[in-house]
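Worksheet: the structure to be examined is printed underneath.
The values are calculated or read from the model by the stated rules, or taken from the named source; none is laboratory data. None of the values given here were measured: they were computed from a predicted structure. Glycine also receives a Cβ, built like all others from the backbone with ideal geometry; neighbour counts cover every protein chain displayed. Accessible surface areas use protein heavy atoms only, side chains included; no ligands, DNA or RNA. Shrake-Rupley method; radii C 1.70, N 1.55, O 1.52, S 1.80 Å.
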Amino acid sequence: MAERIGWDQALSLARSGAREDPMRLGELADQVRRARHGNRATFIHNLQINPSNVCVRDCAFCGFAALPGEPGGYSLDEEDILGEIAASGAAEVHIVGGLNREWDFNRSLGLIARIRRAFPQLHIKAFTAVEIDWFACQSEIPVREVLESLKQTGLDCIPGGGAEIFSERIRKRLFPRKIGADRWLEIHETAHRLGIPSNATLLHGLGETPEERLGHLFRLRELQDRTGGFVSFVPLALQTGAAGGRESTMGPLDDLVMIALSRLVLDNIPHIKAYWPMLGLSTAAVALGWGADDLDGTLGLEKVAHASGADTPRALAAGEMVRLIREAGYEPQERNGSYQWVTRSA
Ligand code: V47
């Protein structure tokens, strides 16, 4: 087996490699991706539900959230959510929302219970570490008990959101009221120890240095060495429609370099997602040759990226995902939430 990439080598790739020979970086990541996943690229028929955008945290980059009482705040009700899931026929629901006192732990747990009862086969990916922390603090229940209750009620996995960038410098400047790296990692570790798999994200474009990006990746790698609970890593490209201020150096090539670095450093996380709502369809398709092996999903009702100015479609049909993957030169494979293959009847 090839030797594991260390900090110095990763830093040299992230600094001079990315600037002087980005294609070489892409090729290295593609070799790793091909050894793991061959020519296959996967996607899932899924649906994103954002029960409420009302959030007390006020993060500078987020165009989705509204402070309590601010115009534009909304809260869905359970009947509507169940109706949306039924209408979608999705294999997976991804639930993520703001920190809203109306959506406390009991109500959120009740939502999972109702979804599980109505859709026994549905893969339920719900509540970021930020929301889990909020539930625990508001209800004065330990994180472990929050996660145990969610698991018993029907939660399958927790999404990777809320990690942003593991840098105290940037957290203090842009999201000072949100949990930091230590707490985010502690919650994921607790989930993994309870047998709840999870994903991880990194939000790039916030003015972070190559060292800060790599610091984030290496902390994830270290936790994964100990638990093995991360299934997928999702680099999120900052959308600036609402918040403004993406660095002028940011663009598709930087997005691809981020994906390549992720594939090279995170040798212990099986999947790297090219999240098309934020990357754009063309960059997401090209990213399949830079280390990514999965395009997330059809994503009906996605709101977080689009509220922050993403100009990608709101959702794609499964057929459109197949076409996108095929036209990029890969073999499309629909999957379920556990990355098992799904065969669609014509
Ligand atoms: O937590 C907020 C980010 C996340 C912006 O686990 C922004 O499978 C870019 O986590 N520009 C939610 N990003 C999305 C997310 C996710 C997406 C796809 C798959 C998975 C998974 C997880 O979006 C938030 C925050 O980190 N975000 N605002 C913005 N302006």
Open item on the list: Need the failing condition index for P71 against (1) touching a strand residue (DSSP E or B) at 6+ places or on another chain (Cβ under 9 Å); (2) not in a helix (DSSP H, G or I), just the number.
Closed with: (1)
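Which residues, counting only those in region 181-215, are in a loop (DSSP other than H, G, I, E, B) and either among the hydroxyl-bearing types (S, T, Y) or under 17 Å from the mean Cα position of the chain (by Cα) (or both)?
Residues of region 181-215 in a loop (DSSP other than H, G, I, E, B): 194-197, 205-209.
Result: I196, P197, G205, L206, T209.
Consider G229 carefully, then state whether it is surrounded by 20 or more Cβ atoms within 10 Å (Cβ to Cβ) and modelled with pLDDT under 90. First the steps, then the outcome.
Values: surrounded by 20 or more Cβ atoms within 10 Å (Cβ to Cβ): yes; modelled with pLDDT under 90: no.
Taking the combined requirement at face value, the residue does not satisfy it.
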TODO: Filter region 83-112 for residues that are among the β-branched types (V, I, T), open to solvent by less than 20 Å² (accessible area, probe 1.4 Å) and within 18 Å of the chain's Cα centre (by Cα) and give the result.
DONE: V93, I95
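Of the residues G207, G180, G162, which single one is within 16 Å of the ligand (Cβ to nearest atom), free of Cβ contacts under 8 Å to residues at least 24 places away in the same chain, of a type in the set (G, A, S) and touching an Asp or Glu at 6+ places or on another chain (Cβ under 8 Å)?
Details: G207 fails: free of Cβ contacts under 8 Å to residues at least 24 places away in the same chain; G162 fails: free of Cβ contacts under 8 Å to residues at least 24 places away in the same chain.
It is G180.
Here is a list: A285, A315, A310. Which entry is within 12 Å of the ligand (Cβ to nearest atom) and either in a loop (DSSP other than H, G, I, E, B) or more than 15 Å from the chain's Cα centre (by Cα) (or both)?
A310
Report yes if G38 is more than 12 Å from the ligand (Cβ to nearest atom), touching a Leu at 6+ places or on another chain (Cβ under 9 Å) and not charged (D, E, K, R), otherwise no.
On the way: more than 12 Å from the ligand (Cβ to nearest atom): yes; touching a Leu at 6+ places or on another chain (Cβ under 9 Å): no; not charged (D, E, K, R): yes.
Here the answer is no, as G38 does not meet what is asked.
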- [ ] Could you give me the residue pairs with C-beta distances under 9 Å whose first residue belongs to region 187-204 and is at positive phi and acidic (D, E), whose second residue is modelled with pLDDT of 95 or more and buried (at least 19 other Cβ atoms within 10 Å of the Cβ) wherever it lies, and which are 6+ apart or on separate chains?
- [x] none
Open item on the list: Just the residues that are open to solvent by 40 Å² or more (accessible area, probe 1.4 Å), more than 22 Å from F218 (Cβ to Cβ) and either in a helix (DSSP H, G or I) or among the aliphatic types (A, V, I, L, M) (or both), please, taken from region 1-55.
Closed with: E20, M23, E27, R34
Task: Exclusive hit being open to solvent by 10 Å² or more (accessible area, probe 1.4 Å) and farther than 25 Å from V257 by Cβ, set I187, I179 - done: I179
